Amino acid sequence: MFSDFEKIRQEIVRSSDIPVSKIERISRLTPVQRDIYLHLMYHPDSIVYSLGVSIKLHTELNRELWEKAVSMAVMEEEVTRTRFILYKGEFFQFVVRDCPVYFEFIDLTGPDVHTSDFEEIVREKVFVTYNLDNDPHLFKNFLIRDVDGHYIPLIAVPHLLFDGYSAKLFFERIGTIYEALAESREVCRKKGGSFYDYVEESLISFDTPEIQGYWQNLASHVEPLEFHTEFGKQGKLTSENMVIAGDELRETKDFCEAGKYSIPAYFRALYGILLNRYADPSEDFLIYDVIDGRTKACKEIPGCFYQVLPVLFPKKFFDSDIPISEYFEYVKTFRRNLGPFQNISLLLQKRILKEEKLGFFYNFVNFSRVNICGETINLSLHDLPIENQVHFIINDEDERLALTVHYNEKFFSDGPNFLKRVCSLSRQIISGRGFQELDILLEPEQHKLLIEWNDTEMPFPDDKCIHQLFENQVEQTPKATAVVFEDQQLTYGELNAKANQLAHYLQASGVGPEVLVGICVERSFDMIIGILGILKAGGAYLPLDPGYPQERLEFMLKDSQTPVLLTQEILKDKLPDYKKQKICLDSDWGIISKEKDINPISRVSPANLVYVIYTSGSTGKPKGVLLIHQGLCNLALAQIQLFNVGPDSCIIQFFSFSFDGSIWEIIMAICSGAKLCLGTQESLIPGTTLSQLLNQQAITHVTFPPSALAAMPVEPFPYLQFIIVAGEACPSDLVAKWSKGRCFINAYGPSESTVCATATGCIANNEKLHIGRPIANTQIYILNRNLQPLPIGFPGELHISGAGLARGYLNRPELTKEKFIPNPFSNDPESRLYKTGDLARYLPDGNIEFLGRIDHQVKIRGFRIELGEIEAALTRHSDIRDAAVIVRESKNRDKHLAACIVSDLIPTRRKPYQSICTLETEGTATEVQTEDLSVEGICLDSVPDDFVESKEVFITLLLPGESEKRQLKGKIRWHDRCKLGIEFDLLPAEEEAVRQSVTHLSDAQKLPKFFRRTVSNRLRTYLKERLPDYMVPAAFIFLDAMPLTPNGKVDRHALIETDTAEESRNQEEYVAPRTPTEKILTAIWSEVLGVEEIGINDNFFKIGGHSLLNVQVINRVREAFQAEISVSTMFEAPTLTALAERIDLICWINQPLRSPSDTDDDIEEFVL
């Protein structure tokens, strides 16, 4: 190393003007210095490691003596004269003898000064970048006289050299020297060693393999704290301050003394509690403690002893009944128990720990008082936190604690309340509260969240059933049109009479309160008559979509034990075998019509069932939600008032009637005297045909999923007054397109809250849409896992209470108990909360922002889908070893389901590979032939007989895709004649290399693509027999194994980031486009679907297409070919080649007739 240092000296002389005689000392950097240097090297404009420290003197000062004292202090310290050099890829620091001292006097009272603001001077002088290679003045001294005549010494230095405590030592040394000079005394020699003596010790003690292993194990269950706190802020760094003094400080110290806790440990523990309540993490979490890494021997030495230590907060303390004292004891002893394992650098932390969007730092400063020139004065630190960090700092100023929090408003919105919550928690703990009793809400917040924003009480007909509201409307407007379908219509009186006849017929068949009646019909008057007839008979209806697979319909009928089924003659053969009473509303109407047409009498009450809707279930089977009349009546009245619905309104019935959006549309119309417009399935596909229907029927109110609205052409629609979007998140650009001149409403609600729980009006300049406030007689609570309300702006699970709550789940008492829980915020013992599983937060104005799902439930095109149900269906397939379903978003923001599969059907593990390699064991090397390769091992051929099982061997071979040979270690697992199987024993880097080689081999052999396409189509067919179309994944991704988190769970984030090249969208064997039409059509499909490789045999609906994207293709075809194709064309010709032939035919037919002047050469002969 000595010879290396000599070479470094020569390099210093060569690269700078420093003579070799002035180079005092050379050393490597400590791990902490190295990390800072790396940051500054990669981010040369960064100022996050620029440190300023100042003190404000209240005595007279001799400027010349002070400057001399500063120079002497600089000269006797090595770190103040340190420079840096990068030599052969390694960082070194060296000390310069007799270096020039940077000293600047700034008089803020002088005539030439450009500012009188001390803070502005700090920004100019401290928050600067440093050229570490060439700047001779890394350590800068300023003396500032402020407008009051006080002197303020200021140091500006990179953290690479100094920490805050070093500045205290340095200022006190300047003071000692200054006093000696002022009194003409000899300056006593400085005691203590050098920072350079500490460097070698740190290099030995930091980041050892033992430390790395310890932290990898400790952090195995750590997850980053997730925050969603942006309220459209631009990223302003700001601070809040608070002081604890007097009685409050005395009580705090008494509590700590009684528990034998230090003040730093006490507030660190409070910080952990507050962050746990903020983020409600499901795993352990970390905060980062800024500590002084000095040993006792280094206590009086300036230098870069600054260190960031992760502090682990285990989940067990917050989710159990562990006494709070045990938690405080853990926090108190955490660092002490680490021992040598606390010597972990930032670089190693970044390798081991997951990157966090927002980091939380804690710094207890107990050196903020400086003894200088006969004064004890405060030391002021000036530094800038990184924008995505929150810094909680406590300065111990003897008689008081000064609390500060630095934060960025963009990432952390609770800054103004943070310190108030810390102090509130402290008072609660001192008063004796346990963990589960602690409340982080402040009193004004509690009133807003629990009372003011949930004051939604409104009168509604809670003594009536929904069909009685319809009957009231019939009495008022019997001759008004109630429902239209194509060119037919029924008045309120006619609809009521037909429903009455069916109701009497059903009552004679045993239908009454709490009796479920299935209804499976096509879109027609029968649908509305059937629903009303069931309700009027006193029963509850169960919608069964005739488009569902037989297996699903069979399950619903069996699970519900429906004694009666209403259907139509054309559907009888499509339904599963049903042994109970089946009534056809068309062929049996002759009998039904003989019944009386007056309102029947039933014993049904508002608390009775009104309908059962089946939603996707995480266990693999759909679950039936039990809704009652009271909730539906509340919804009807709320809708009519919110959307101004009346007799002049016309409402489109868009949703499938197996989706509860349909009952939303139906009751909005028939309980208000409005007209309900039904449509055929084709006329309701968003696009030209639906636009025509809206205009022809003078539709005033529509409810669409945002994805359906996005597929609609933007037209004036002069009659349209209200657009309501629901079922999935709505992008703001849709509001901008559709809100002009009409009301645009964003509604939210699960089936368990009778369709809708919140709603809000939207305006075009909304950056991000929210879901509004609770509707009438509904309460919303955002709670953590322990059912404690979260502060405004912090995400938690959305809970619903109120009149619209469902009774529970059919035949699922355990699930009902889990999801419908007692309401802790109500005095009514019968009041309940529904746990939605949705992640949301309250905004400062009382509106609610929807943030996604806590579990694995999603919404696509308005359909609520439990990913677990699809996963369960996949894993029931005998050849699927593991499956996980994720949601992916294409380039055009269209969402689709993708199934990640580990399957024995795909030959992805062992790949044929013929090559020559060297097999070595016990010093003997043999050339052999490779036969196949996998991540786990390799099969060899032409192997001598003297190799035995379990023996360790080394294989030297050229891996596929690599340019140089590797030597890999392994163990013989089997030997059969001349063949040998070896199991690899690889390091992580080697394993990754082999994995990449296997992938390279797969791609080169083009085997997987064929198998993936074949298997994808088989799986798609298998799922279509068991699940509705909207639940069949558009894509399949085949994996060797599921990626797992450190605690063994499926890593869904890793799945979402899986290379899309692994994704198979159920394509047929690839054939490239040939004709100009096919090529243009390929480009259109690729843009719409977000799929890069599309062949002529690919089926639009099997590679991610659906009816909404179908409309986009039609519009692009119109633009590209000036050819009109209908919605049905895509269903009739779903492959690219078939559609191209249709388009060619249309274009040929549309060609103008040739005139006699056309030459024969221009005429193409067609032979039929």
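Kindly indicate whether PRO706 is of a type outside the set (Ser, Thr, Tyr), modelled with pLDDT under 95 and touching an Asp or Glu at 6+ places or on another chain (Cβ under 9 Å). So PRO706 passes the test. When GLN692, GLN681 are checked against the criterion of being touching a residue at least 60 places away in the same chain (Cβ under 8 Å) and at negative phi, a single residue qualifies: GLN681.
Does region 520-536 contain any residue that is of a type in the set (A, V, I, L, M, F, W, C), in contact with a Ser or Thr (Cβ under 7 Å, 6 or more places away or on another chain) and closer than 17 Å to GLN468 by Cα? No - not one qualifying residue is present in region 520-536. Scanning region 939-968 for residues that are modelled with pLDDT of 85 or more, touching a helix residue (DSSP H, G or I) at 6+ places or on another chain (Cβ under 8 Å) and either of a type in the set (Gly, Ala, Ser) or within 10 Å of LEU980 (Cβ to Cβ) (or both) yields a count of 0. Does region 718-729 hold any residues that are buried (at least 22 other Cβ atoms within 10 Å of the Cβ) and over 20 Å from SER691 (Cα atoms), and which are they? Selection gives GLY727 alone.
Condition check ((1) at pLDDT 95 or above; (2) in a loop (DSSP other than H, G, I, E, B); (3) farther than 30 Å from ILE854 by Cβ; (4) in contact with a strand residue (DSSP E or B) (Cβ under 9 Å, 6 or more places away or on another chain)) across all residues:
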position: ASP573; (1), (2), (3), (4): no, no, yes, no
position: PRO576; (1), (2), (3), (4): no, yes, yes, no
position: LYS579; (1), (2), (3), (4): no, yes, yes, no
position: LYS596; (1), (2), (3), (4): yes, yes, yes, no
position: SER602; (1), (2), (3), (4): no, yes, yes, no
position: ALA607; (1), (2), (3), (4): yes, yes, yes, yes
position: TYR611; (1), (2), (3), (4): yes, no, no, yes
position: GLY617; (1), (2), (3), (4): no, yes, no, yes
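Checking each residue of region 316-323 against the condition of being in contact (Cβ under 8 Å) with a residue 60 or more places away in the chain, touching a Gly at 6+ places or on another chain (Cβ under 8 Å) and closer than 21 Å to ILE36 by Cα gives no match.
Would it be correct to say that PHE334 is crowded, with 16+ Cβ neighbours inside 10 Å, aromatic (Phe, Trp, Tyr), part of a helix (DSSP H, G or I) and outside the structural domain of GLU76 (by TED's automatic domain parsing)? For PHE334, the condition - crowded, with 16+ Cβ neighbours inside 10 Å, aromatic (Phe, Trp, Tyr), part of a helix (DSSP H, G or I) and outside the structural domain of GLU76 (by TED's automatic domain parsing) - is met.
Being at pLDDT below 95 and outside any helix (DSSP H, G or I) is a property that does not hold for GLY624. Among residues that are surrounded by 14 or more Cβ atoms within 10 Å (Cβ to Cβ), assigned by TED's automatic domain parsing to the domain that holds ILE177, touching a helix residue (DSSP H, G or I) at 6+ places or on another chain (Cβ under 9 Å) and part of a helix (DSSP H, G or I), ILE36 is included.
Name, by its number, the condition in (1) of a type outside the set (D, E, K, R); (2) in contact with a Pro (Cβ under 6 Å, 6 or more places away or on another chain); (3) assigned to a loop (DSSP other than H, G, I, E, B) that does not hold for PHE654. Result: PHE654 passes all but (2). Taking the criterion of being in contact with a strand residue (DSSP E or B) (Cβ under 7 Å, 6 or more places away or on another chain), small (Gly, Ala, Ser) and over 17 Å from PRO705 (Cβ atoms), the only residue of region 727-756 that qualifies is SER753.
All of LEU535, LEU557 fail the test of being surrounded by 20 or more Cβ atoms within 10 Å (Cβ to Cβ) and in contact with a helix residue (DSSP H, G or I) (Cβ under 6 Å, 6 or more places away or on another chain), apart from LEU535. The residues listed here are PRO622, PRO606; of these, the one that is surrounded by 15 or more Cβ atoms within 10 Å (Cβ to Cβ), touching a residue at least 40 places away in the same chain (Cβ under 8 Å) and under 30 Å from THR456 (Cβ atoms) is PRO606.
Among the residues making up region 348-370, those that are modelled with pLDDT of 85 or more and either assigned by TED's automatic domain parsing to the domain that holds LEU160 or not in a loop (DSSP other than H, G, I, E, B) (or both) are LEU348, GLN349, GLY359, PHE360, PHE361, TYR362, ASN363, PHE364, VAL365, VAL370. Looking only at residues in region 170-226 that are part of a helix (DSSP H, G or I) and among the small types (Gly, Ala, Ser), the one that is nearest to the chain's Cα centre (by Cα) is GLY213. Scan region 46-66 for residues that are buried (at least 17 other Cβ atoms within 10 Å of the Cβ) and not in a loop (DSSP other than H, G, I, E, B) and the total you get is 8. Filtering region 701-751 to residues that are of a type outside the set (Val, Ile, Thr), in contact (Cβ under 8 Å) with a residue 60 or more places away in the chain and under 16 Å from ILE640 (Cα atoms) leaves GLN721, PHE722, CYS743.
Of the residues making up region 111-130, those that are over 15 Å from HIS382 (Cβ atoms) and either without any contact (Cβ under 8 Å) to a residue 24 or more places away in the chain or among the hydrophobic types (A, V, I, L, M, F, W, C) (or both) number 5. Any residue that is buried (at least 21 other Cβ atoms within 10 Å of the Cβ) and over 30 Å from the mean Cα position of the chain (by Cα) - is there at least one of those in region 423-437? For region 423-437, residues buried (at least 21 other Cβ atoms within 10 Å of the Cβ) and over 30 Å from the mean Cα position of the chain (by Cα): present.
Per-residue answers, yes or no, for (1) outside the structural domain of ASN811 (by TED's automatic domain parsing); (2) touching an Asp or Glu at 6+ places or on another chain (Cβ under 7 Å); (3) modelled with pLDDT of 95 or more:
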{"position": "GLU457", "(1), (2), (3)": "yes, no, yes"}
{"position": "PHE460", "(1), (2), (3)": "yes, no, yes"}
{"position": "GLN476", "(1), (2), (3)": "no, no, yes"}
{"position": "LEU490", "(1), (2), (3)": "no, no, yes"}
{"position": "GLU494", "(1), (2), (3)": "no, no, yes"}
{"position": "ALA497", "(1), (2), (3)": "no, yes, yes"}
{"position": "HIS504", "(1), (2), (3)": "no, yes, yes"}
{"position": "SER509", "(1), (2), (3)": "no, no, yes"}
{"position": "GLU514", "(1), (2), (3)": "no, no, yes"}
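Set side by side, the residues LEU798, LEU787 differ, and just one is assigned to a loop (DSSP other than H, G, I, E, B) and of a type in the set (A, V, I, L, M, F, W, C), which is LEU787.
If the condition is being outside any strand (DSSP E or B), in contact with an Asp or Glu (Cβ under 9 Å, 6 or more places away or on another chain) and over 24 Å from ALA245 (Cβ atoms), then region 403-418 contributes GLU409, LYS410, PHE411, SER413. Among the residues of region 709-719, the ones that are in contact with a strand residue (DSSP E or B) (Cβ under 7 Å, 6 or more places away or on another chain) and over 30 Å from LYS835 (Cβ atoms) come to 0 in all.
Yes or no: ASN241 surrounded by fewer than 15 Cβ atoms within 10 Å (Cβ to Cβ), in contact with a Ser or Thr (Cβ under 8 Å, 6 or more places away or on another chain), of a type in the set (S, T, N, Q) and at pLDDT 90 or above? Considered against the rule, which asks whether it is surrounded by fewer than 15 Cβ atoms within 10 Å (Cβ to Cβ), in contact with a Ser or Thr (Cβ under 8 Å, 6 or more places away or on another chain), of a type in the set (S, T, N, Q) and at pLDDT 90 or above, ASN241 comes out as yes. From the list GLY1095, GLY1104, the one residue that fits, being in contact with a Leu (Cβ under 6 Å, 6 or more places away or on another chain), touching a residue at least 40 places away in the same chain (Cβ under 8 Å), of a type in the set (Gly, Ala, Ser) and outside the structural domain of PHE704 (by TED's automatic domain parsing), is GLY1104.
The values are calculated or read from the model by the stated rules, or taken from the named source; none is laboratory data. Remember, predicted model here, so these are calculated numbers, not experimental data. Neighbour counts run over all protein chains shown; Cβ positions are idealised from the backbone, glycine included.
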